[in-house]
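Reviewing the structure listed below.
The values are calculated or read from the model by the stated rules, or taken from the named source; none is laboratory data. Bear in mind that the values here come from a model prediction, so they are computed numbers and not experimental data. In case anyone asks, the SASA skips ligands and DNA or RNA and just uses the protein heavy atoms, side chains included. Shrake-Rupley method; radii C 1.70, N 1.55, O 1.52, S 1.80 Å.
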Amino acid sequence: YVTSHHNRFAALQRLLDHTPGIYGIVFTRTRMDAQEVADKLNGLGYGAAALHGDMEQKQRTYVMDRFRARRLDLIVATDVAARGIDVADITHVVNYEIPDDPEVYTHRSG
């Protein structure tokens, strides 16, 4: 789905509401955006957590352990923080913000 910048959170929320069993990664460009989106989703009752470079390794490991155990439906991550994530059965990859570099886009989707 493609939407305008100012409608993207509402579009994400609609996707989540109409996709039971979603289990995926939402990519943002910045740490601040990752945290903001995760906080908004949690405030609305969705199971989400941020994953970004400002987090200590212990926190990142905790988030990934919860995600792999499916205690979270979504992780909201920056590209750098998401490198090396190996999780089976992901249903969706959402590019909340499109990267400038096509190679990064390919990495997100792969």
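Two tests apply to each whole DSSP H helix in the chain, Cα reach of 24 Å or more along its axis and mean Kyte-Doolittle hydropathy of at least 1.0, and none passes both. When the Gaussian network model of the chain links Cα atoms closer than 10 Å, the mean-square fluctuations of Glu56, Glu36, Glu97 top out at Glu56.
The apolar share of the surface of the stretch 35-84, taken as the fraction of accessible area on carbon and sulfur atoms (1.4 Å probe, ligands and nucleic acids excluded), comes to 46 percent. Excluding ligands, DNA and RNA, the accessible surface per residue across the chain is 61 Å² with a 1.4 Å probe. For Ala77, the residues whose amide H sits under 5 Å from its own are Val26, Phe27, Thr28, Leu51, ignoring neighbours fewer than 5 places away on the same chain, with H placed 1.01 Å from N.
A compact globular protein would have a Cα radius of gyration near 2.2 N^0.38 Å; the ratio found for the stretch 18-64 is 1.17. In the chain, the DSSP-assigned H stretches of four residues or longer account for a calculated mean residue ellipticity at 222 nm of -12500 deg cm²/dmol, using -39500 (n - 2.57) per stretch and the full residue count as denominator.
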